[in-house]
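Structure in structure tokens, see below.
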Amino acid sequence: MKQPEELVRQMTLEEKASLCSGEDFWHTKAVERLGIPQIMMSDGPHGLRTQKERVDQLGINESIEAICFPTGCALASSFDPKVMACLGENLAAEAQSEGVHTVLGPAVNIKRSPLCGRNFEYLSEDPLAAGKMAASYVKAMQAKGTGVSLKHFAANNQELCRMRVDEHISGRALREIYLANFEKVVKEASPWTIMCSYNRINGTYSSENTWLLTQVLRKEWGYTGIVMTDWGAMNRRTIALKAGLDLEMPSSHGETDKQIVKAVREGKLDEAFVDQTVVRMLAYIQKCLEGMPKETSPYDKNAHSELSGKLEEECAVLLKNKNNLLPLKKGMKLAVIGEFAKKPRYQGGGSSHIHSTKVVGALEAFDAMDIPYTYAKGFPYDEDKEDEKLFEEAINAAKDADIAIIFAGLPESFESEGFDRKDMELPACQNQLIARIAAVQPNIAVVLHNGSPVTIPWLDKVSSILEMYLGGQQVGTATVNLLTGKANPSGRLSETFPVRLEDTPCYLTYPGNGRTALYGEDIFVGYRYYEKKGIAVNFPFGFGLSYTTFTLSDLVLSNEEITDKDSLTVQVKIKNTGNRLGKEVVQLYVANPKDGEELRPLKELRDFAKVELKPQEEKTVAFTLGKRAFAYWEERLHDWYVPEGTYTICIGTSSKDIALQKKIHIKATTAIPFKVADTTTCADVWNYASNSGLLDDLLRRHGKDPTDPQEKATWVDMPLHSIVSFLPVSMEEIDELIQKLH
Ligand code: BGC
């Protein structure tokens, strides 16, 4: 293919417009006259949903057989960028062997509420965690020559009316929570494509949002790839083109291509916008062609399936393990209860649904390892129905065993793309059975299969909980390896497990009425909210247990004081104090100064590292923090800003378990510009104006003493223009004061 700039000069307007929308569900259009081929895409993010025949999007079962890896909720819990990179690399190999140029994912939307139907695909409630993990996946996949589509840009945090809902979000919440995840991936990994979300943000569809797609994404973050629509997220084509939306997917059957041609011919659309998009499209097509090997070879399906299980071992989170009930001891008589042990729930419904090559449940894995057990179904797999016969069978099996391993979770009909959950409950029949088994068997380990947090009414009644999430097609093997101690759990929660739905940050406003969604909790999402409100949770963000123990020590900061332009190096030692190989996630949070003018979370995750340690081994972990680790989005500056003050570096193993802390003083080198207007308050003048004595003089002239605290309290919140209502001052005098204060 020739260079994009050269090709665009040779193209007719119709040919150029044709590159702005898809040929069908999964392909861009070719321009054969100029040797521009089609590009093929397939859904991800945790496996390939490749449809070879040009069937519609709903033909889910007609996608080719592929490997279902652990879903986003599980992957993020690995807290290990290497896990993400491994998935990215291997998915690229699968994509290439199927002729796929771009895999649609990763999906990094923030888990605003545990109810979002797509939480299982998303990574975290924390933008740094989501961004860092996704960046690693993107870099690895693209380094192998396959493109990604970072999605859904932005703020697609609910399924209810996702195609039209208008999200009302403050500027700060957007920057600090809902865009920061995307920003990290764009800046660190340069995704070839980004998929815009269906929803509107503050009144504007993402596909038409010039601020989002051009100002923020391209101008501020330096993005050079293409932006495509989510499937069907086009509204007004020419407005979208001007806003920076390049490719409409899937096909518009030529309709919107014609609109582009007509708008240019009628002088309503500058052809330069079309050219700009076409150059970007051609550059993208070129990268896809260069990345695809000349000869593709099939990938080893068995090896990839095994890898799926290995990755899941890194993801599962051991939430509770009273008296070290797990790992299972040799010779223990096991009662395995719940059909999820046979037919695991291992993936979610919707566009990420994989036609798996095979699925291995825990029973099959126990059999493969010659581990005996008795099995009882306990409750129906896909509905909430109490069945006394099944209950009794399970209770008897549990009574006769040394331990009951209960496989519980959410049936597929409870959570999926396309709708949000109504509550956080497991099916009542499962809760009931667990409580009844607890009455006869003190040793219970619950294995959970769910894509998002659930309430846990039997928390005090069971000894162990192993959260497998939706763990991919080899989840059974991973579960048994973890239960038996062949693998040591090392996943940590990338989202908080609240006690009740009513405790969640957006309980009052989620998901709204389908027309608007008010983000009233603002920047206080996830642990930022629970901590600020002092709300107890079942399991905090970052939490997870291991079969070994770790100790953190020797926290060292490179400086005691820095400016907001410097970086800070943080070092800490971590030791495995137990007798098993294990991995811990060292988490670095920065606690903000308490007395600042702006509302801030108590602390925020600013980096993390997963460390593997042999028994008694000690390693040093180092982090480097820059300005962003201390900053908030300052609307008045339209930039990140670090208020001068004392911050605390907190090192821990969850947002709640902080083992070490050290203070760092930061000197601000920038000031928020102070502009005086008639709405400026007296307090602003006293706080920021260098010649605030002028205001004191004016007050004194009218018999008021600004040095008297009580007197001063009357004036602090008074806008300058309101002084005329309380003192015999003319508007001219106030104007003169404003001039002089300037
Ligand atoms: C989903 C996307 C997906 C696309 C193509 C949309 O409905 O939101 O995540 O990539 O369909 O299947």
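The values are calculated or read from the model by the stated rules, or taken from the named source; none is laboratory data. The shown structure was predicted, so the numbers you read here are calculated from the model rather than taken from an experiment. Glycine also receives a Cβ, built like all others from the backbone with ideal geometry; neighbour counts cover every protein chain displayed. Accessible surface areas use protein heavy atoms only, side chains included; no ligands, DNA or RNA. Shrake-Rupley method; radii C 1.70, N 1.55, O 1.52, S 1.80 Å.
Quickly run through the stretch 401-432 and pick out the residues that are acidic (Asp, Glu), farther than 23 Å from Asp387 by Cβ and either open to solvent by less than 50 Å² (accessible area, probe 1.4 Å) or touching a helix residue (DSSP H, G or I) at 6+ places or on another chain (Cβ under 8 Å) (or both).
Of everything in the stretch 401-432, those that are acidic (Asp, Glu), farther than 23 Å from Asp387 by Cβ and either open to solvent by less than 50 Å² (accessible area, probe 1.4 Å) or touching a helix residue (DSSP H, G or I) at 6+ places or on another chain (Cβ under 8 Å) (or both) turn out to be Glu417, Asp420.
Within the stretch 360-372, count every residue that is in a loop (DSSP other than H, G, I, E, B) and either surrounded by 19 or more Cβ atoms within 10 Å (Cβ to Cβ) or at pLDDT below 95 (or both).
2
Identify, please: which residue in the stretch 111-129 is hydrophobic (A, V, I, L, M, F, W, C) and under 11 Å from the mean Cα position of the chain (by Cα) and is, among those, surrounded by the most Cβ atoms within 10 Å (Cβ to Cβ)?
Leu123
Take Ile354 and decide whether it is open to solvent by less than 80 Å² (accessible area, probe 1.4 Å) and within 18 Å of Ala438 (Cβ to Cβ).
The answer is no for Ile354.
Inside the stretch 251-285, can you point out the residues that are closer than 18 Å to Trp26 by Cα and open to solvent by 30 Å² or more (accessible area, probe 1.4 Å)?
Listed by number, the residues that qualify are His253, Glu255.
Residues that are among the charged types (D, E, K, R) and open to solvent by 30 Å² or more (accessible area, probe 1.4 Å), at least 3 per element: which helices (runs of 4 or more DSSP H) completely within the stretch 651-730 meet that?
693-701
Restricting to the stretch 404-451, what's the tally of residues that are outside any strand (DSSP E or B) and free of Cβ contacts under 8 Å to residues at least 60 places away in the same chain?
16
Could you check, for the stretch 203-221, whether at least one of its residues is surrounded by fewer than 22 Cβ atoms within 10 Å (Cβ to Cβ), away from the ligand (no atom under 15 Å from the Cβ) and either assigned to a strand (DSSP E or B) or touching a residue at least 60 places away in the same chain (Cβ under 8 Å) (or both)?
Yes, the stretch 203-221 has at least one match.
Among the residues of the stretch 548-584, how many are farther than 28 Å from Ala180 by Cβ and open to solvent by less than 20 Å² (accessible area, probe 1.4 Å)?
4
For Gly232, all conditions in the list (1) open to solvent by 30 Å² or more (accessible area, probe 1.4 Å); (2) without any contact (Cβ under 8 Å) to a residue 40 or more places away in the chain hold save one; what is the number of the exception?
Unmet for Gly232, out of (1) open to solvent by 30 Å² or more (accessible area, probe 1.4 Å); (2) without any contact (Cβ under 8 Å) to a residue 40 or more places away in the chain: (2).
Same structure, new question: Tally time: how many residues in the stretch 138-156 are surrounded by fewer than 24 Cβ atoms within 10 Å (Cβ to Cβ) and among the basic types (Lys, Arg)?
2
Could I ask something else about it? With respect to Glu62, is the statement that it is open to solvent by 10 Å² or more (accessible area, probe 1.4 Å), in contact with an Asp or Glu (Cβ under 9 Å, 6 or more places away or on another chain) and within 14 Å of the ligand (Cβ to nearest atom) true?
Spelling it out, Glu62 is indeed open to solvent by 10 Å² or more (accessible area, probe 1.4 Å), in contact with an Asp or Glu (Cβ under 9 Å, 6 or more places away or on another chain) and within 14 Å of the ligand (Cβ to nearest atom).
Of everything in the stretch 222-236, what is in a loop (DSSP other than H, G, I, E, B) and either within 16 Å of the ligand (Cβ to nearest atom) or under 22 Å from the mean Cα position of the chain (by Cα) (or both)? Give them in sequence order.
Hits for the stretch 222-236 are Gly222, Tyr223, Gly225, Asp230, Trp231, Gly232, Ala233, Met234, Asn235.
A follow-up question, please. Are any residues in the stretch 1-23 open to solvent by less than 70 Å² (accessible area, probe 1.4 Å), in contact (Cβ under 8 Å) with a residue 60 or more places away in the chain and assigned to a helix (DSSP H, G or I), and if so, which ones?
Across the stretch 1-23, the qualifying residues are Pro4, Leu7, Val8, Leu13, Lys16, Ala17, Ser18.
Mind listing whichever residues of the stretch 307-352 are within 16 Å of the ligand (Cβ to nearest atom) and not small (Gly, Ala, Ser)?
Correct list: Gln347 only.
Is it the case, given these coordinates, that Ala85 is under 25 Å from the mean Cα position of the chain (by Cα), on the phi < 0 side of the Ramachandran plot and within 15 Å of the ligand (Cβ to nearest atom)?
So Ala85 fails the test.
Now, a different point. Name the helices (runs of 4 or more DSSP H) wholly inside the stretch 237-338 in which the number of residues that are aromatic (Phe, Trp, Tyr) is 2 or more.
Result: 271-291.
While we're here: Which condition from (1) under 17 Å from Phe539 (Cβ atoms); (2) outside any strand (DSSP E or B); (3) open to solvent by less than 20 Å² (accessible area, probe 1.4 Å) is the one that Asp460 breaks?
It is condition (3) that Asp460 fails.
To continue, here is another question. Could you count how many residues in the stretch 83-110 are open to solvent by 10 Å² or more (accessible area, probe 1.4 Å) and not in a helix (DSSP H, G or I)?
So the answer is 3.
Applying the selection to the stretch 601-629, what residues are touching a Leu at 6+ places or on another chain (Cβ under 9 Å), among the charged types (D, E, K, R), part of a strand (DSSP E or B) and more than 23 Å from Asp639 (Cβ to Cβ)?
Glu612, Lys619
With the requirement that a residue be away from the ligand (no atom under 15 Å from the Cβ), at pLDDT 95 or above and of a type in the set (D, E, K, R), what does the stretch 24-55 give you?
Lys29, Glu32, Arg33
Can you tell me which residue within the stretch 157-195, out of those that are open to solvent by 10 Å² or more (accessible area, probe 1.4 Å) and among the polar types (S, T, N, Q), is nearest to the ligand (Cβ to nearest atom)?
If we take residues in the stretch 157-195 being open to solvent by 10 Å² or more (accessible area, probe 1.4 Å) and among the polar types (S, T, N, Q), then Ser190 is nearest to the ligand (Cβ to nearest atom).
Would you say Asn119 is within 14 Å of the ligand (Cβ to nearest atom), within 19 Å of Gly542 (Cβ to Cβ) and not aromatic (Phe, Trp, Tyr)?
Yes.
Only one of (1) open to solvent by 20 Å² or more (accessible area, probe 1.4 Å); (2) closer than 22 Å to Lys533 by Cα is not met by Gln587, so which one is it?
Here Gln587 clears every test but (1).
Looking at the stretch 148-156, can you tell me whether even one residue there is at positive phi and within 14 Å of the ligand (Cβ to nearest atom)?
yes
Which of the residues spanning the stretch 333-343 are closer than 30 Å to Glu159 by Cβ and open to solvent by less than 10 Å² (accessible area, probe 1.4 Å)?
Gly338, Phe340, Ala341
Identify, please: which residue in the stretch 498-509 is of a type in the set (Ser, Thr, Tyr) and either under 13 Å from Met424 (Cα atoms) or modelled with pLDDT under 95 (or both) and is, among those, most open to solvent (accessible area, probe 1.4 Å)?
For the stretch 498-509, the residue satisfying everything is Tyr507.
Same structure again: So, in the stretch 314-332, of the ones that are more than 21 Å from Pro442 (Cα to Cα) and open to solvent by less than 20 Å² (accessible area, probe 1.4 Å), which residue ends up nearest to the chain's Cα centre (by Cα)?
Only one residue tops the list, namely Cys315.
Among all residue pairs at least 6 apart or on different chains, which show Cβ distances below 8 Å where the first residue, located in the stretch 245-260, is away from the ligand (no atom under 16 Å from the Cβ) and the second is part of a loop (DSSP other than H, G, I, E, B) and open to solvent by 20 Å² or more (accessible area, probe 1.4 Å)?
Thr256/Met234
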